[in-house]
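Scroll down for the structure; my scribbles are underneath it.
Each value in this text was obtained by applying a stated rule to the coordinates, not by laboratory testing. Here the structure is a predicted model, which is why all the values come from computation and not from measurement. Every residue, glycine among them, receives a Cβ derived from its backbone with ideal geometry; neighbour counts consider all protein chains shown.
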Amino acid sequence: MTTPTKNRFNQRTVGAPPEKARWNRRARRPLYAGEKPDPAGQQRLPWYLKFLDLRIYLRLGIMVVAIGAVVLMGVIARQHLTQQWDARTVAVEGMVRPGQTAAESLSLDNLEDTLIGLYLRMQQPLLAAAPGESDRPVPFTIESGELARSVADRLAEAGLISDPALFSLYMRYNGLDQGIEAGDFELAYNMSMPEIAQALQNAIVREVNVTIPEGWRAEQVAELLDEQGILDSDSFMAAVRVGDPVALGLGQYAFLAGRTGKPSLEGYLFPDTYRLPARASSGEVLAAMLNNFDEKVGPGIRAAAADSGMSLQDAVTLASIVEREAVQADER
């Protein structure tokens with residue numbers, strides 16, 4: 001007698017007498033007597049039948065309504081904020097840049113600025129807090145070419161600010177890092193970070209009197225400027241020897257335009273007493289001397305040089321040679 005077997009569908013095959021099968025709606029196939037539907041088979045529905053399930057459309061509708069509600073709330077909130085912030089134009093410090101409208105500050109192009117502005121707004125109590133109560137002046141010096149972050153670190157070391165990173169971010173966001181001047185400042189422990197940032201935009205200009213005697217050579221003038229702490233002697237001599245007014249920012253002097261070759265500016269260093277910044281550039285010192293030369297060497301002297309057949313450059317060069325060769329003052 002052959003033992004009946006079953007296949008993977010739990011159907012009798014070998015040696016089994018035929019039995020009447022009944023269609024099972026849940027299993028979606030015929031089942032023999034005593035056979036139970038396969039639970040796994042219940043999930044094996046054709047893909048197109050899934051779209052006939054109304055629950056899918058119900059869930060999809062709920063999701064669309066929820067997304068639409070969120071978008072609508074976002075649009076309403078943005079319109080409300082825009083109307084409020086546009087009325088301020090230059091709005092609360094740290095939220096909108098100076099000269100920017102609120103709508104511009106919320107654009108995608110300025111997303112980083114908007115986030116930084118929100119962060120600074122949250123840090124407003126720390127920005128407004130002074131490290132101390134003393135109003136005693138604290139001297140502070142910024143060197144030429146010093147970076148804003150280096151300035152912030154030194155301010156923190158001096159105890160004038162509490163957070164150099166926050167101070168640097170505030171300076172950069174408000175465009176104040178580009179306006180820091182080199183020079184001397186008087187700060188105080190009762191100043192907030194915004195107050196210190198504004199104070200660094202205008203250095204204290206200390207001036208000194210410098211007298212250049214008649215007959216001095218350019219090297220002597222350079223040594224005097226170096227001794228007074230106004231300007232490095234090598235920098236001054238390099239500017240005098242190059243003699244290029246345009247490169248030195250001195251292109252406004254017409255009497256320098258007609259020169260030929262590569263003449264020095266030594267003959268134009270008019271002897272006099274000058275009031276110069278305690279820390280000056282070569283261009284600033286030369287501008288003071290050239291202004292004095294233009295005023296003292298007037299049209300009459302220039303006309304006399306022209307009558308003698310010499311240009312102003314020739315007359316200045318000759319005077320410089322005489323000054324260098326003269327040994328005693330009465331020989332000049």
**OP:** For an R0 of 45 angstrom, estimate the FRET efficiency from the Cβ-Cβ distance between Glu146 and Thr260 and round to the nearest 0.05.
**Re:** 0.65
Original post:
For Thr141, what charge total do you get from the other residues with a beta carbon under 14 Å from its beta carbon, if Lys and Arg give +1 and Asp and Glu give -1?
Top reply: -3
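Regarding the range 132-199, what is the average projected area of its C-alpha convex hull, in nm²? Working shown, then result.
Values: hull surface 15.5 nm².
Over every viewing direction, the Cα hull of the range 132-199 projects on average to 3.9 nm².
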Original post:
How long is the gain from Leu54 to Glu219 if the chain were fully straight, where each residue apart is worth 0.36 nm and the alpha carbon distance is subtracted?
Top reply: 49.6 nm
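Given the Cα-Cα distance of Val208 and Val242 and 0.36 nm per residue of separation, how much length would full extension add, in nm? Mind dumping the intermediate values first?
Details: separation 34, 0.36 × 34 = 12.24 nm, distance 2.62 nm.
Using 0.36 nm per residue and subtracting the Cα-Cα distance, I get 9.6 nm.
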Original post:
How far, in nm, would the chain grow between Ala304 and Glu157 when pulled straight, counting 0.36 nm per residue and subtracting the alpha carbon separation?
Top reply: 46.7 nm
